[in-house]
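Engineer: Before I ask anything, let me first share the structure, which is written out below as C-alpha cells.
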Amino acid sequence: MKKHLIIGGGVAGVTLAWQLIKKGHLVLLLDNKQNKSSTIAAGMINPIVFRRVTKSWRVDEFLPFAIGFYKELEVATGSQFFNSIKIRRFFASEQEKKYWLRKQKEESYKKYLSPEENYKHEFTSTQNNLGSAIVKNAFRVNAQAFMQQTHKLFRTNNCLKHESFDYALFNRDKMMYNGEKYDSVVFCCGTDQDKVPYFNSIEIQHTKGEILTVKAKQMPNEETWNKKGFILPVGADSFKIGATIERNTNNAKVTDHGRKELLNVINGLYSGSYDITEQIAGIRPTVYDRRPVLGEHPKHKSLFIFNGLGTKGYLMAPLLAQEMADFMIDGKALHEEVQLSRFYKNK
Ligand SMILES: Cc1cc2nc3c(=O)[nH]c(=O)nc-3n(C[C@H](O)[C@H](O)[C@H](O)COP(=O)(O)OP(=O)(O)OC[C@H]3O[C@@H](n4cnc5c(N)ncnc54)[C@H](O)[C@@H]3O)c2cc1C
C-alpha cells in the first residue's frame, strides 16, 4: 500500500486525497489553515461562459463527474452542501443575446441554455433591458461547509493535520518527512505555490476576488441573477454578491473599490432595499493560459503539483483529481492542456 503526502487542503488537496484513498492508498494531508480561495469561493458551478455564450472548458466531462463526487462526499460526511441552482442571465448586449438564441438551438447546448423568457419581477431594475434566459444544469457547493465537513472527516480518520509543511523536516532524496517515508509528495498550495522551492518557476498568478453578503427581503430566493456579476441566494434572506476580478495582487484585504463595484452589480439588477452584512476577499490561483497545472517534476521524481484551478475550481477539481490519481498510480497520461511539461518546453 502506497503512502502519499499532500500539502494544501483546499479543494485541490481534498479532492485528490479522496481519489487516492478510494484507490486504497494511505494519505496524509497537511493544511496550515491559511486558505485564501476554497473557503472564500461562492462555489457556483456554471457550465456557461457568458461573453460569447460558450461552454466552459471540458464541461461535458467535468460536470457529471462533479455531481457524482459531491453527492458521494455528502454521504461520506453525513452532511449537505451541494444543490442545483437556477441562473437567470440578463443579456448584457445585443451580441450576447444573438449568440444565446442561436446556440440555444444547437444540440450540444440544449442541456445548458433555455429559450429566452418573458420575465417579470417587482424588484428587478433590468425589466426594460434586453431580456433574460436560464442556464440549466447549474449547481452550487456551499464551499465553507464542504471544506469544514471534509476536513472533519479526514481528521477523524487521521488523514489530515492542520500544520505547515516544514521543509527542514523533508529529505527529498529519501522521500522522508518528519521520520516517515512517502511514495509521493503533492503540492496543492494554491497561491502559496511561489513558496514551494521545487516548483517556483511555475508561475501561479494571483487573481483577487471580493464578495459581499447582504440581507434583503425582496431579492429572489428561487434563482440566481446574473449580469456583470451575480446575486446568489444562500438562505434566510441572505445573498452573496460577486465577484470582483483583480489581477496580480496578493493582498487579500477587502477594499472600498471592491465594495463599490459590487454595489454596482446589485444596483444594476435589483431595485429593492438591502443591508450589507459582510464583505470578504480571497485570491484565486490562476495560470496565464487559463488551464490548471498537473504533473510530476521533470527531475525530482515523486514530487507532484496540482494547482491553477482559477475561477472554476469547484467544477474542475473532482475529475482532475481522479485524472491526477490515475497519472500518479497507473501512469495514465494527463490531458494535454493541463500538463506541467508546457512550462518546461523552451528551457
Ligand atoms: C472571491 C472568489 C470567488 C470564487 N468563486 C468561485 C465559484 O463560484 N466557483 C468556483 O468553482 N470557484 C470559485 N472560486 C475559485 C476557487 O475558489 C478556486 O479555484 C479553488 O479554491 C482553488 O483551490 P486550491 O485548492 O487550488 O487552492 P486554495 O483553496 O488556496 O488551497 C491551498 C491550501 O494550501 C494551504 N497551504 C499552502 N501552503 C502550505 C504549506 N506550506 N503547508 C500547509 N498548507 C499549505 C493553504 O492554507 C490552503 O488551504 C472563487 C475564488 C474566489 C477568491
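The values are calculated or read from the model by the stated rules, or taken from the named source; none is laboratory data. Being a predicted model, the structure only gives us computed values, none of them experimental. So basically every Cβ, Gly included, is an ideal-geometry build from the backbone, and we count neighbours across all protein chains shown.
Engineer: Could you tell me which numbered condition Tyr119 fails, if it satisfies all but one of (1) closer than 30 Å to Leu30 by Cβ; (2) of a type in the set (Ser, Thr, Tyr); (3) outside any helix (DSSP H, G or I)?
Structural biologist: (1)
Engineer: Can you confirm whether Asn35 is within 13 Å of the ligand (Cβ to nearest atom) and modelled with pLDDT under 95?
Structural biologist: Working: within 13 Å of the ligand (Cβ to nearest atom): yes; modelled with pLDDT under 95: yes.
It is true that Asn35 is within 13 Å of the ligand (Cβ to nearest atom) and modelled with pLDDT under 95.
Engineer: Hey, another quick one. Where the second residue is in a strand (DSSP E or B) and away from the ligand (no atom under 13 Å from the Cβ) and the first is closer than 14 Å to Met44 by Cβ and outside the structural domain of Leu262 (by TED's automatic domain parsing) and lies in segment 231-251, which pairs have Cβ atoms under 8 Å and are six or more apart or on separate chains?
Structural biologist: No pair meets every condition.
Engineer: Within segment 206-272, considering only strands (runs of 3 or more DSSP E) that don't extend past its boundaries, which have at least 1 residues that are within 11 Å of the ligand (Cβ to nearest atom) and among the aromatic types (Phe, Trp, Tyr)? Spell out the reasoning first.
Structural biologist: On the way: elements: 224-226, 230-235, 238-242.
Answer list for segment 206-272: 230-235.
Engineer: Output the number of residues of segment 222-247 satisfying the condition of being surrounded by fewer than 17 Cβ atoms within 10 Å (Cβ to Cβ) and in contact with a helix residue (DSSP H, G or I) (Cβ under 6 Å, 6 or more places away or on another chain).
Structural biologist: Within segment 222-247, residues that are surrounded by fewer than 17 Cβ atoms within 10 Å (Cβ to Cβ) and in contact with a helix residue (DSSP H, G or I) (Cβ under 6 Å, 6 or more places away or on another chain) number 1.
Engineer: From the set of residues in segment 178-197 that are under 25 Å from the mean Cα position of the chain (by Cα) and in a loop (DSSP other than H, G, I, E, B), which is nearest to the ligand (Cβ to nearest atom)?
Structural biologist: Only one residue tops the list, namely Cys189.
Engineer: Please determine, by comparing only the residues of segment 60-85 that are outside any helix (DSSP H, G or I) and of a type outside the set (Phe, Trp, Tyr), which one is farthest from the ligand (Cβ to nearest atom). Please lay out each step first, then the result.
Structural biologist: Residues of segment 60-85 that are outside any helix (DSSP H, G or I), as a first pass: 78-85.
Subset that is of a type outside the set (Phe, Trp, Tyr): 78-80, 83-85.
On the way: Gly78: 23, Ser79: 19, Gln80: 18, Asn83: 13, Ser84: 14, Ile85: 11 Å.
Of everything passing the filter in segment 60-85, Gly78 is farthest from the ligand (Cβ to nearest atom).
Engineer: Please determine, by comparing only the residues of segment 122-152 that are touching a Leu at 6+ places or on another chain (Cβ under 8 Å) and not in a strand (DSSP E or B), which one is surrounded by the fewest Cβ atoms within 10 Å (Cβ to Cβ).
Structural biologist: Ser125
Engineer: If you don't mind, another one. Being away from the ligand (no atom under 16 Å from the Cβ) and either touching a Gly at 6+ places or on another chain (Cβ under 9 Å) or farther than 30 Å from Leu20 by Cα (or both): is that true of Arg89 here?
Structural biologist: Details: away from the ligand (no atom under 16 Å from the Cβ): no; either touching a Gly at 6+ places or on another chain (Cβ under 9 Å) or farther than 30 Å from Leu20 by Cα (or both): yes.
No; evaluated as a whole, the condition is false for this residue.
Engineer: May I ask you to list the residues in segment 1-59 that are assigned to a strand (DSSP E or B) and crowded, with 18+ Cβ neighbours inside 10 Å? Break it down into steps so the answer makes sense when it comes.
Structural biologist: Within segment 1-59, the first condition is being assigned to a strand (DSSP E or B), and the residues that meet it are 3-7, 26-30, 44-45, 48-49, 54-55.
Listed by number, the residues that qualify are His4, Leu5, Ile6, Ile7, Val27, Leu28, Leu29, Leu30, Met44, Ile45, Ile48.
Engineer: Any residue that is farther than 25 Å from Val135 by Cα and either touching a strand residue (DSSP E or B) at 6+ places or on another chain (Cβ under 7 Å) or in contact (Cβ under 8 Å) with a residue 12 or more places away in the chain (or both) - is there at least one of those in segment 79-87? Before the answer, list the steps.
Structural biologist: First, the residues of segment 79-87 that are farther than 25 Å from Val135 by Cα: 79.
Checking which are either touching a strand residue (DSSP E or B) at 6+ places or on another chain (Cβ under 7 Å) or in contact (Cβ under 8 Å) with a residue 12 or more places away in the chain (or both) leaves us with 79.
Checked segment 79-87: at least one residue is farther than 25 Å from Val135 by Cα and either touching a strand residue (DSSP E or B) at 6+ places or on another chain (Cβ under 7 Å) or in contact (Cβ under 8 Å) with a residue 12 or more places away in the chain (or both).
Engineer: Can I ask one more? So which residues in segment 83-121 are modelled with pLDDT of 95 or more, surrounded by 11 or more Cβ atoms within 10 Å (Cβ to Cβ) and of a type in the set (Ser, Thr, Tyr)?
Structural biologist: Of everything in segment 83-121, those that are modelled with pLDDT of 95 or more, surrounded by 11 or more Cβ atoms within 10 Å (Cβ to Cβ) and of a type in the set (Ser, Thr, Tyr) turn out to be Ser84, Tyr99, Tyr109, Tyr112, Ser114.
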